[in-house]
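**Q** Dumping the structure here so I can ask a few things about it.
The values are calculated or read from the model by the stated rules, or taken from the named source; none is laboratory data. All values reported here derive from a predicted model rather than from experimental measurement. A quick note on method: Cβ atoms are made from the backbone with ideal geometry, for glycine too, and the neighbour counts reach across all protein chains shown.
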Amino acid sequence: MLLPVVAAGARHTIRWVAALGWISEPAAEFQLLLGDRPLLKFGVTHEPTTWKSGDGAATLRFTPKGIEAGGADRSGIMELTVPAAMLEPGGKARLRVLAPQTGSQRWFGIYRYP
């Protein structure tokens, strides 16, 4: 994703369609990174939820829109908001999600859309 040049002190929001699944499995958290920088941890939820980084600089909001797999999964909109200083103007933002190494089968996915 190419990012525009933004004014100092501004914040930038990146949106995508995502899904969270298998809430009946044991609790587990995913780690969201921007490039190689860990931002925050998030989990599977059926409710509108906002997670914040430890320093409060980054927020991730999930707004459920659809029910999947007989109610065990949710699809919806994810919105990551970060200070512009964390992004390279005109560059690409590389987001990564690391799955926990637990016995849980909870999952996170991204939908491809035009």
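**Q** Could you tell me which of the residues VAL6, VAL17 is part of a strand (DSSP E or B), surrounded by 14 or more Cβ atoms within 10 Å (Cβ to Cβ) and modelled with pLDDT under 95? Walk me through it before giving the result.
**A** Values: VAL6 fails: part of a strand (DSSP E or B).
Unique residue meeting the criteria: VAL17.
**Q** Take the residues in the stretch 48-81 that are in contact with a strand residue (DSSP E or B) (Cβ under 9 Å, 6 or more places away or on another chain), more than 24 Å from GLN101 (Cα to Cα) and acidic (Asp, Glu); name whichever of them is modelled with the highest pLDDT.
**A** Going through the qualifying residues, I end up with GLU79.
**Q** Let me ask something else. Mind listing just one residue for me: the one in the stretch 61-72 that is under 16 Å from ILE14 (Cα atoms) and in contact with a Ser or Thr (Cβ under 7 Å, 6 or more places away or on another chain) and, of those, surrounded by the fewest Cβ atoms within 10 Å (Cβ to Cβ)? Show your work before the answer.
**A** So the first thing to find is which residues in the stretch 61-72 are under 16 Å from ILE14 (Cα atoms), and the list is 61-63.
So of that shortlist, the ones also in contact with a Ser or Thr (Cβ under 7 Å, 6 or more places away or on another chain) come out as 61-62.
On the way: ARG61: 18, PHE62: 24.
For the stretch 61-72, the residue satisfying everything is ARG61.
**Q** In the stretch 73-113, how many are buried (at least 16 other Cβ atoms within 10 Å of the Cβ) and part of a loop (DSSP other than H, G, I, E, B)?
**A** Matching residues across the stretch 73-113 total 4.
**Q** If you check every pair at least six apart or on different chains, which have Cβ atoms under 7 Å apart with a residue in the stretch 79-108 that is small (Gly, Ala, Ser) first and a residue that is assigned to a strand (DSSP E or B) second?
**A** What qualifies is ALA84/ARG11; ALA84/HIS12; GLY90/LEU2; ALA93/ILE14; ALA93/LEU34; ALA99/PHE30.
**Q** Output the number of the condition that PHE62 fails; it satisfies all remaining conditions of (1) closer than 18 Å to ILE23 by Cβ; (2) free of Cβ contacts under 8 Å to residues at least 40 places away in the same chain.
**A** In the conditions (1) closer than 18 Å to ILE23 by Cβ; (2) free of Cβ contacts under 8 Å to residues at least 40 places away in the same chain, PHE62 misses (2) alone.
**Q** Which residues, counting only those in the stretch 34-72, are in contact with a Phe, Trp or Tyr (Cβ under 6 Å, 6 or more places away or on another chain) and in a strand (DSSP E or B)? Explain how you work it out, then say what you get.
**A** To start, the set of residues in the stretch 34-72 that are in contact with a Phe, Trp or Tyr (Cβ under 6 Å, 6 or more places away or on another chain) comprises 40, 42, 49, 51, 60, 72.
Scanning the stretch 34-72 gives LEU40, PHE42, THR49, TRP51, LEU60.
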